[in-house]
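Heads up: the structure comes next, in structure tokens.
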Amino acid sequence: MALTAFAELIGVASIMPFMAVAATPELIETNSYLNFFYVLIGEPPTNTFLVCIGLVFIVLICVSNALLLVSQFLMNRYSHRLGGEFASSLYRYYLGRDVLFYGRSNSASLIQHIMYDTQRLGTHFIAPALRLNGRLFSVVLLSLLIFYVDFVVALSSVVCLGGIYWFVFYALRSRIYENGEHISANNARRNKQLNESFEGIRDVKLYGAEPQLARQFHKDTHQIARSLADNMILGQSPYYLVETLVLVGTLLIAMYFMLLKGGIETVLPVLTLYVMAGFKLVPKVQQSYLAITQMRSALPVFRSLREVLEEAAATEYEVFSSQPAVHPKRDLSLTGVTYSYPTSIEPVLQDVNLRIPVGSVVAITGRSGGGKSTLLEILMGLLKPDSGFLSIDGSRLTPAQMQGWQRSVGYVPQSVYLTDATIAENIAFGVPGYEIDSARLQRAAELTALSEFISGLEEGFATRIGERGMLLSGGQRQRLGIARALYRNISVMILDEATSALDSPTQEKIFTNLVREGSYTILMVTHREETLEFADLCCELSGGRCEAFSKV
């Protein structure tokens, strides 16, 4: 940026000797600098010398503009890359948070931060800040040049030009900031509404909510468009006033020099310099002002992201570290486990003691809200108990071993998370396509009674299932979730109402297959009496305690 500014300064300054020689050729002999250059190139005719000076001027202007273009390209690339780095850092940070964080946060707000706010921070705060830095440096150098030529004219020009922009910004700064807040708030509301309405599209249609949702979305979109347009106009408004003043000022400067400095041969070089400097200076002042208004508008985004980005930068991302799976050989147990949610008064679990032999099928029963799912999440290491601990083969599980333990666990909830991808990609979730093992796919499909269904599809495992598995039935989605758990090298399977959508024959077939395998320890939450037939042990939770733990 400094190199660009200096090249631009030299380019502007070089117009003065060109116009001086054009108006007064005698300067070649009387001016030591011009005479040195004149002698250096072999004392050509005056017109030839004038052409040489003109060519130097043209080259300097071209070089300065080329440097300006390169500088602009580098600044834009840097700001967009930085915005992308912020988004990646934020995504990694959110992935590393515990499940309670997601219970307290709205997923649409997190997506807003990652996808839109970081991009806006890069393009509307960082990029303008870089442009402002470069433009102000050029403005200072050009101002010093005109101060050197004539202090009175320069001071008058700088005071008038700077005063106008300062006054306009001071008067409009609150409105610019408020528009920025409106843009952020309405964008967040739109993103949340889109996420919720598409996810609950059946309810939207069933209850006729389309008109109200469409009206709200239109209202938010209109507010965003109005705020964006308002800030754009506020950023450009001083330029039209300044443009008028520059034209008037040029005439006043010309009259000033004509009256006080002499004839046209004296006035022309200096006047040309001022016109050239103004040609360069005014747009840069305008661009500086525009950059400041953009930064002011994006200030709410900067303030909302600053703290979380600082936390993300200071976080060590253990979530991505690789640890070998920890498979129990004898048993897994909970000892004196008590847990309370941050928003609850009473503990959900109180002094729970539980020993689960390897290879057994354990049913966890109890009334709704009795802590069954919480117990499973503690067993999986997703929640940390207030007191008590989880042990594997009699050894207390340490935080360093937690990821290894989670690699040995397969979890299937009642509502299975599926992506808009193929059956194969959903079963081998998290595995790159080129690494998917077809033999393991086939085995998982056979164990979950999916083979016949998949073989009947034209594209087989390559069939796409739609967003959230919309093209599948509820039972097929649950079986796909169980197949996903079986694809991994697990030894413990946790089923949280994972067979509630299955008919009895299909459920029986799956459990028969799993028990016949003999390599899985199964923990299942269920309210169905018939499912208890497959259990070896039953834990009944009541009041946060394991009231009974016995053979079925």
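The values are calculated or read from the model by the stated rules, or taken from the named source; none is laboratory data. The shown structure was predicted, so the numbers you read here are calculated from the model rather than taken from an experiment. Positions of Cβ are backbone-derived with ideal geometry, glycine not excepted, and every protein chain shown enters the neighbour counts.
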*Within segment 491-528, can you find the residues that are under 34 Å from the mean Cα position of the chain (by Cα) and of a type in the set (Val, Ile, Thr)?*
Ile494
*asked:* Considering only residues that are surrounded by fewer than 18 Cβ atoms within 10 Å (Cβ to Cβ) and either within 19 Å of Leu447 (Cα to Cα) or not assigned by TED's automatic domain parsing to the domain that holds Ser473 (or both), which ones fall in segment 507-532?
replied: Glu508, Lys509, Thr512, Asn513, Val515, Arg516, Glu517, Gly518, Ser519
*State whether one or more residues within segment 362-382 are farther than 25 Å from Tyr102 by Cα, out of contact with any helix residue (DSSP H, G or I) (no Cβ under 7 Å at 6 or more places or on another chain) and small (Gly, Ala, Ser).*
no
*Kindly provide the set of residues from segment 516-538 that are farther than 13 Å from Pro357 by Cα and in contact with a Phe, Trp or Tyr (Cβ under 7 Å, 6 or more places away or on another chain), ordered by number.*
Phe534
*With respect to Leu379, determine if the residue is under 30 Å from Tyr487 (Cβ atoms) and over 39 Å from the mean Cα position of the chain (by Cα).*
no
*Considering only segment 483-492, how many residues are in a helix (DSSP H, G or I) and of a type in the set (A, V, I, L, M, F, W, C)?*
3
*If you check Ala108, Ala127, Ala87, which single one turns out to be crowded, with 16+ Cβ neighbours inside 10 Å, in contact with a Lys or Arg (Cβ under 7 Å, 6 or more places away or on another chain) and not in a loop (DSSP other than H, G, I, E, B)?*
Ala108
*Using the structure shown, decide if Leu194 is modelled with pLDDT of 75 or more, among the hydrophobic types (A, V, I, L, M, F, W, C) and more than 30 Å from Met470 (Cα to Cα).*
no
*Out of segment 146-163, which residues are surrounded by 12 or more Cβ atoms within 10 Å (Cβ to Cβ) and more than 37 Å from the chain's Cα centre (by Cα)?*
Ile146, Phe147, Val149, Asp150, Val153, Ala154, Leu155, Ser156, Ser157, Val158, Cys160, Leu161
*Odd one out for Leu110 among (1) of a type in the set (A, V, I, L, M, F, W, C); (2) within 30 Å of Tyr339 (Cβ to Cβ); (3) without any contact (Cβ under 8 Å) to a residue 12 or more places away in the chain*: (3)
_Of the criteria (1) within 19 Å of Ala498 (Cβ to Cβ); (2) surrounded by 13 or more Cβ atoms within 10 Å (Cβ to Cβ), which one Leu390 fails_ = (1)
*Odd one out for Leu480, checked against (1) part of a helix (DSSP H, G or I); (2) closer than 30 Å to Ser391 by Cβ*: (2)
*Within segment 453-470, can you find the residues that are in a helix (DSSP H, G or I) and more than 24 Å from Lys509 (Cα to Cα)?*
Ala462, Glu467, Arg468
_Set Ser197, Ser143, Ser174, Ser138: member being assigned to a helix (DSSP H, G or I) and either outside the structural domain of Arg306 (by TED's automatic domain parsing) or surrounded by fewer than 15 Cβ atoms within 10 Å (Cβ to Cβ) (or both)_ = Ser174
*Return yes or no: is Tyr148 under 22 Å from Leu309 (Cβ atoms) and assigned to a helix (DSSP H, G or I)?*
no
*Can you tell which of Leu82, Leu90, Leu55 is more than 30 Å from Met402 (Cα to Cα), touching a helix residue (DSSP H, G or I) at 6+ places or on another chain (Cβ under 9 Å) and of a type outside the set (S, T, N, Q)?*
Leu82
*Name the one entry in Leu74, Leu27, Leu69, Leu82 that is in the same structural domain as Gly122 (by TED's automatic domain parsing) and at pLDDT below 75.*
Leu27
